[in-house]
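Data block below; observations after.
The values are calculated or read from the model by the stated rules, or taken from the named source; none is laboratory data. Because the structure is a prediction, the values reported are computed rather than measured. Using ideal geometry, Cβ is built from the backbone for each residue, glycine included, and neighbour counts are taken over all protein chains shown.
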């Protein structure tokens, strides 16, 4: 498959806006479900372990299916995989209202994980196709911003709707939102113009080797991120902080501002001058968090955390795409997103075990250590070796570290 990305410099094309609307509608559904399903599990008689089982089933499924959907994106086309993924997602959203047993709910989450891997990988590859190469990381930043906005809206929306309509009607409303995303996806027709017909000559690739270096960096930062995503609420309660939801609100606001800006800055000055300070700031936020005792200290950490995270996803994802062969963009995104799934899964297990025998202070220091490993790997792959793009472009970093 030939490269699909446009040679112009216009970012806000009609197809870019369409895919942002698709991803936003699905992300609202996803984050709403993520916040209410643990409550729903308890509502139908599940115990505290049910939430862990649902998260595990979802993560394992997403990880298992990503290589397959990445290859399908390259072989069958992005829109095909996107539509199939959304259809399954919509059906699962509807079936949640009929899940009255924990085993069935866990099964639905497993299937949901497969659909998530399909539409997230394909939509990410569509963004890589349609944004100008010179504005790739900026475009990925805006795409990530739509997900961040949904993350800020979804949980509050879910809790509000539960109180008004109940669980069954909430899931039906989310089914409707998914259908809106499905309808919008039919209008993303750029492949018909930019892409020649697919042939059977395309090589089957499940793992894009060129995308492994940035994916490894993302893997370790994802393991570090779990310390906040999973353990922060409990840690805050142990410190006597009741309204820790403000942490995630401030974090989301910082992400909304920094993701497109840092992506754009990276396109202009190079990724290294952004990514190294970003990982260092992320590590600093974790060290400071280990000693935080007041709400203001937690909120300061949320700002630092947002500054670090705001750069990591768009820049590392952009590097994975830049390094990949044009005909393997789907596999490259699959490789990158799989590193996040794997980082979340291993990080949850590893940090949970550490917490069992030590305490919160130790897991935050361990997480900061994961970021240190990420910096070392980035230095080895992108500064010491000056890895060039396999597309025949100039090296991604210069001797000055730009």
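From 90, 27, grab the single residue that is modelled with pLDDT of 95 or more and either in the same structural domain as residue 116 (by TED's automatic domain parsing) or buried (at least 18 other Cβ atoms within 10 Å of the Cβ) (or both).
Only one candidate passes the filter, namely 90.
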Subset of segment 130-147, residues surrounded by fewer than 24 Cβ atoms within 10 Å (Cβ to Cβ) and more than 24 Å from residue 29 (Cβ to Cβ), comes to 132, 133, 134, 135
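Output yes when any residue across segment 314-321 is buried (at least 23 other Cβ atoms within 10 Å of the Cβ) and modelled with pLDDT under 90, and no when none is.
Yes, that holds for at least one residue.
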Checked segment 182-208 for anything in a helix (DSSP H, G or I) and at pLDDT 90 or above; matches are 182, 183, 184, 185
With criteria (1) at pLDDT 90 or above; (2) not assigned by TED's automatic domain parsing to the domain that holds residue 177, residue 2 comes up short on (1)
